[in-house]
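The values are calculated or read from the model by the stated rules, or taken from the named source; none is laboratory data. Just so we're clear, the structure is a prediction, and the values are computed from it rather than from any experiment. Cβ atoms come from the backbone with ideal geometry, glycine included; neighbour counts cover every protein chain shown. These accessible areas exclude ligands, DNA and RNA; they are computed on the full protein's heavy atoms, side chains included. Shrake-Rupley method; radii C 1.70, N 1.55, O 1.52, S 1.80 Å.
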2 protein chains.
Amino acid sequence: MTETTHWLSEPEQHAWRSFVRMQERLAGRLGRRVQAESGLSVADYGVLVHLTEAPEGRLRVLELARVVEWEKSRMSHHVNRMAKRGLVVREDCPADARVALVCVTAAGREALATAAPCHVEAVRHLLIDPLSPAELAMLAQVSNRILEELDKGCD
Amino acid sequence: MTETTHWLSEPEQHAWRSFVRMQERLAGRLGRRVQAESGLSVADYGVLVHLTEAPEGRLRVLELARVVEWEKSRMSHHVNRMAKRGLVVREDCPADARVALVCVTAAGREALATAAPCHVEAVRHLLIDPLSPAELAMLAQVSNRILEELDKGCD
DNA sequence: GCCCCATTGATGATGCATCAACAATCTGTT
DNA sequence: AACAGATTGTTGATGCATCATCAATGGGGC
């Protein structure tokens with residue numbers, strides 16, 4: 001440790017703290033609202049969205065994990081819990097005995113249909129409405145810039 | 001459900017998805033880096049920062065929970081785990097037998113001293129550097145705007 | 001002094017995320 | 001056919017977050 005750290009300036013620190021605070025509180029509020037009004041967690045919601053968008057409403061566990069950017073293990077556990085609640089069912093794949101297909105149930109589709117307007121309204125109320133169109137565009141741009149950087153370095 | 005939902009437009013949806021993706025991946029990367037290089041989670045880091053900034057390096061559990069914006073229960077559990085690792089110690093308060101004081105240990109200060117440069121560098125690399133100063137300022141402004149909205153409605 | 005009740009905090013239960021280890025199956029090679 | 005290695009997914013352990021509940025204490029009014 002011969003090098004000295006390049007500490008954050010005052011405005012940098014402020015930006016970082018505001019950003020983190022905003023993130024945490026936004027995620028918390030959104031999650032609690034959707035959960036309370038629809039009985040689905042944000043995680044459930046994402047899984048169901050991708051499932052219903054898939055042909056025949058079903059996907060392999062690994063494919064599902066890929067689209068929502070989760071680890072396969074997390075998806076496996078989560079699918080079990082969702083199946084226990086009747087939101088999805090597991091099916092075997094005739095072509096490949098290794099793969100486990102996950103399929104939305106009618107109850108899952110219904111839960112999603114209930115959650116979707118609630119989710120959209122929360123997003124609109126908490127993020128879209130408070131910002132001008134220009135600010136929203138800027139936020140998207142900033143997000144994409146950071147995502148590029150994240151993709152670049154796997155460190 | 002007589003009212004029809006005001007769905008997100010294409011750019012709105014894109015902004016939202018980019019934002020969420022960025023958040024999740026940024027938090028994940030930052031957490032894993034700090035954890036790997038210093039042995040502290042981001043949660044540990046925040047607790048230690050506030051503790052070391054307090055007079056005599058100690059705070060009541062509830063006060064600590066307030067400054068990091070956690071529930072008291074979460075803090076109680078977390079302090080237990082940190083105490084088990086030797087990062088903090090619990091002390092009794094002579095003036096009020098209800099309160100539990102939490103105090104940083106030397107090991108805690110040392111762990112923080114190790115983690116801090118690593119944390120700062122990760123923040124700089126992942127967030128500050130990819131953005132122009134104007135973009136960073138805009139991000140702070142946007143964050144604060146959203147925070148205002150969050151403070152307004154407790155719904 | 002004594003009661004009411006607010007404050008402060010701990011605890012146990014539950015669900016979730018991650019990790020490492022494992023099992024089953026498929027595919028290509030010999 | 002048989003084996004090696006890759007693919008696909010499950011499982012159990014551990015730590016973390018939240019919720020509801022409980023216990024102890026302090027402070028004010030009578």
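Laid out as a table, the results:
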item	result
Accessible area of chain B belonging to carbon and sulfur atoms, whole % at 1.4 Å probe	54 percent
Residues in segment A:75-115 that a label on A:His50 would reach, taking backbone N under 16 Å of a point 7 Å out along Cα→Cβ	A:75-83, A:88-89, A:100-104
For segment A:24-152, size of Cβ-based charge dipole, Lys and Arg +1, Asp and Glu -1, in debye	440 debye
Principal axis dimensions, largest first and in whole angstrom, of the protein assembly as shown by Cα	63, 44, 43
Angle in degrees between helix A:72-84 and the longest Cα principal axis of chain A, rounded to the nearest 10	50 degrees
Segment B:29-152 - percent relative contact order, Cα under 8 Å, separation 6 or more	27 percent
Separation of alpha-carbon centers, segment A:33-59 and segment B:5-72, rounded to whole Å	25 Å
Where labels lie 7 Å past Cα in the beta-carbon direction, separation of A:Thr4 and B:Ser9 in nm	5.0 nm
Amide proton proximity set for A:Val88, modelled H, under 5 Å, gap of 5+	A:Ala83, A:Thr105
10 Å Cβ neighbours from other chains, averaged over peptide B:110-117	1
Rh (Kirkwood; distinct C-alpha pairs) - chain A, Å	18.3 Å
Orientation-averaged projected area, Cα convex hull of segment B:98-155 (nm²)	7.4 nm²
